[in-house]
Amino acid sequence: MNVLVIGSGGREHALCWKLAASETLGTLYCAPGNAGIASVAELVALDVKDHDAVIRFAREKDIGLVVVGPEQPLVDGLADALKQANILCFGPSRYAAQLEGSKGFTKDLCKRHNIPTAAYERFSDAEAAKAYIRQQGAPIVVKADGLAAGKGVVVAMTLDEALGAIDMIFGGQFGAAGAEVVVEEFLEGEEASFFVLTDGKTAVPLATAQDHKRVGDGDTGPNTGGMGAYSPAPVMTDALVERTLREIVEPTIKALAEEGHPYVGVLYAGLMITKDGPKLIEYNCRFGDPECQVLMMRMKSDLLPVLVAAARGALQPDSVQWKDEVALTVVMAAEGYPGEPRKGTVINGLEEAGAVGGVVVFHAGTKAQDGRIVANGGRVLNVTALGTTVAEAQARAYAAIDKLDWPEGFCRRDIGWRAIAREQQKA
Ligand code: AMP
Ligand code: GLY
């Protein structure tokens, strides 16, 4: 079967790397891809906003499955357009992708189905939102309703901060995504991510993974898309997985199916593990990036038949097996990230880094230029390693990073620290 992957990040490199090993794969295409993906797939310069162009390409190349990596094309309805054209697609419809695309949509769904989440109100008027905030007091959380590239959430520890967030969001910085806000209760606990594959009826939990959102060591500094991740995540015990499935994920999948919009794809739940159990912080309608990289390293099963089964509505409960080993990934970012990253700097030593035992270097924002690999984004490389322990995987990832010659890049030096501390406690 020929497959087209949509996207250009480290997540898509990991998906392509895993799909390339499939026994049933014909030709693998990726649009637009990056310099690393080019080693496992044929890159295609498609404009993914042009649904007709994607459909034409899929027909021309006899594509049996389209796998959509990022959220924006899903929120824009690419899966719907492909379905109408009778092309199999792994990824939710525009309606179902509202789980990520509209925080208000998700909160209302949770309320209707008693899914545990932070108490909240929706507002399209700044004064009403401010009155509510004054009444509730701080700490409190203010969120732009729509997609805001991870920048639309303010966890306000003071009243002034919360009121300022209202002005910022309604100030137009996020365009249509900020036409409405959700104001919600501040939740206390440890955060965890949880992923399932679903065909709209059956949910197959994936291995657990944990990312590191802050840019600096010790989880300090501004939020990013994620500076590293590891799998499994010890915070998600079997009992918590069970409870999250029963109380949060399964009722959501059932609700969408009942509304006539079965969810097909990866459902990613951002959770707060509170003293009263897991509560939903947010949903994403895609694999986490860089969580996907560690999941693909640990997946034993052939990925392609599982994605095809999900897209066809025929997913089997026990269809995914995992390696016992731990995987850990460290993000190398370009100077300036998460602000304006420096582009065009040359990266050397990639081959040496990839030759370290148990290591795969996934590319995120790279491109090939005059026979060299140059940085072309904020998050640029994901140096990913397997190991028997988190400490071993971490040591391998950093050994590989030390082989890279890229002075304009940086990374955190403590990815996995919580899990390693837990390992040391046990030993
Ligand atoms: P989100 O984009 O909704 O995931 O929010 C970004 C980050 O803000 C989350 O990863 C949490 O760290 C934090 N956050 C969001 N909602 C809450 C909440 N209700 N209570 C505490 N922290 C939150
Ligand atoms: N790593 C967090 C995300 O993909 O949203």
Looking across the range 278-301 at residues that are part of a loop (DSSP other than H, G, I, E, B) and in contact with a Leu (Cβ under 9 Å, 6 or more places away or on another chain), the single one that is nearest to ligand 1 (Cβ to nearest atom) is 288
Tell me yes or no: at least one residue of the range 3-21 is away from ligand 2 (no atom under 16 Å from the Cβ), small (Gly, Ala, Ser) and in a loop (DSSP other than H, G, I, E, B).
yes
So for the range 257-264 (the condition being touching a Phe, Trp or Tyr at 6+ places or on another chain (Cβ under 7 Å), away from ligand 2 (no atom under 16 Å from the Cβ) and assigned to a strand (DSSP E or B)), does at least one residue qualify?
no
I'd like the residue in the range 198-241 that is of a type in the set (Asp, Glu) and either within 14 Å of ligand 2 (Cβ to nearest atom) or more than 20 Å from residue 71 (Cβ to Cβ) (or both) and, out of all such residues, is surrounded by the most Cβ atoms within 10 Å (Cβ to Cβ).
211
Restricting the first residue to the range 365-376 and requiring it to be of a type outside the set (A, V, I, L, M, F, W, C), which pairs with a second residue that is assigned to a loop (DSSP other than H, G, I, E, B) and surrounded by fewer than 14 Cβ atoms within 10 Å (Cβ to Cβ) meet a Cβ separation below 8 Å and a spacing of at least six or different chains?
369/344; 376/344
Considering only residues that are surrounded by 15 or more Cβ atoms within 10 Å (Cβ to Cβ) and either within 16 Å of ligand 2 (Cβ to nearest atom) or of a type outside the set (Val, Ile, Thr) (or both), which ones fall in the range 114-127?
116, 118, 120, 121, 122, 123, 126
Kindly evaluate residue 183 against the criterion of being β-branched (Val, Ile, Thr) and closer than 17 Å to residue 282 by Cβ.
yes
Mind counting the residues in the range 22-45 that are among the acidic types (Asp, Glu) and part of a strand (DSSP E or B)?
1
Those residues that are away from ligand 1 (no atom under 13 Å from the Cβ) and buried (at least 20 other Cβ atoms within 10 Å of the Cβ), I need them from the range 242-277; list them, please.
244, 248, 249, 252, 253, 256, 263, 264, 265, 266, 267
Counting only residues in the range 259-278 that are among the small types (Gly, Ala, Ser) and touching a helix residue (DSSP H, G or I) at 6+ places or on another chain (Cβ under 9 Å), the one farthest from residue 205 (Cα to Cα) is identified as 277
Just checking, does the range 164-174 include any residue being without any contact (Cβ under 8 Å) to a residue 40 or more places away in the chain, crowded, with 21+ Cβ neighbours inside 10 Å, of a type in the set (Gly, Ala, Ser) and not in a strand (DSSP E or B)?
yes
Restricting attention to the range 95-104, and to residues there that are surrounded by fewer than 21 Cβ atoms within 10 Å (Cβ to Cβ) and modelled with pLDDT under 95, which single residue is farthest from the chain's Cα centre (by Cα)?
104
Is there any pair linking a residue in the range 216-242 that is within 17 Å of residue 279 (Cα to Cα) to one that is outside any strand (DSSP E or B) and at pLDDT 95 or above, with Cβ under 8 Å and at least six apart or on different chains, and which?
236/244
Only one of 66, 54, 44 that is more than 22 Å from the chain's Cα centre (by Cα), crowded, with 24+ Cβ neighbours inside 10 Å and not charged (D, E, K, R)
54
Exactly one of these conditions fails for residue 311: (1) farther than 30 Å from residue 354 by Cα; (2) within 14 Å of ligand 2 (Cβ to nearest atom). Give me its number.
(2)
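The values are calculated or read from the model by the stated rules, or taken from the named source; none is laboratory data. Please read all numbers here as calculations on a predicted model, not as lab measurements. Cβ sites come from the backbone with ideal geometry, for glycine too, and all protein chains shown count toward neighbours.
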